[in-house]
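Following: one structure in structure tokens, then a few remarks.
Each reported figure results from applying straightforward, stated rules to the coordinates on display, with no laboratory input. Since this is a predicted model, take the numbers as computed values, not measurements. Counting neighbours? That spans all protein chains shown, and the Cβs are built from the backbone with ideal geometry, glycine included.
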């Protein structure tokens, strides 16, 4: 899950005293904190995304080995660490608790929609529906549903307040969250390179 994670930040953001840059960025980073750490570890060769080339990957053939960042027990530790860090720098109990919650929600969403994870290491039980590998279209539809819910929740909670979004801003937000997810559907069963190759093959038949 990508845009769905970002969308979850809208829920605590709607309850913030004010929407400033620090608050918004803190919640956005918290919503994707596990993936940010994962990408760093992938670049260091500690965790793996197979195939490594984004253009060669599709949801149906993508394998993710992320025991440090996404196994269930480590996630609890990451959530506490982030919460303590946020409180240390921001001195806000609200942002600290929201950050902890967003990390845990990230894991729950991954278990429902994304890739399977272990409890704590490869020798422990594997959990998760693994929809990205077995039913990627359904997984991405659920992600869109989550985006819509988070947008609806934010709009409902901020209506007639100084936090209410203007209509153009709301449209842009919706287009980004839902549009990117729809684009990702193109990679459900074929990689970008495979799609390009098939298009080139079709074009060559017409020449």
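Taking 0.36 nm per residue of separation and subtracting the current Cα-Cα distance, fully stretching the chain between residue 195 and residue 94 would add 31.8 nm. If R0 equals 45 Å, the separation of the Cβ atoms of residue 48 and residue 163 corresponds to a calculated FRET efficiency of about 0.65. Each residue, residue 18 and residue 108, gets one label point 7 Å from its Cα in the Cβ direction; the gap between the two is 3.1 nm. The distance between label points at residue 29 and residue 134 comes to 3.7 nm (points 7 Å beyond Cα on the Cα→Cβ vector).
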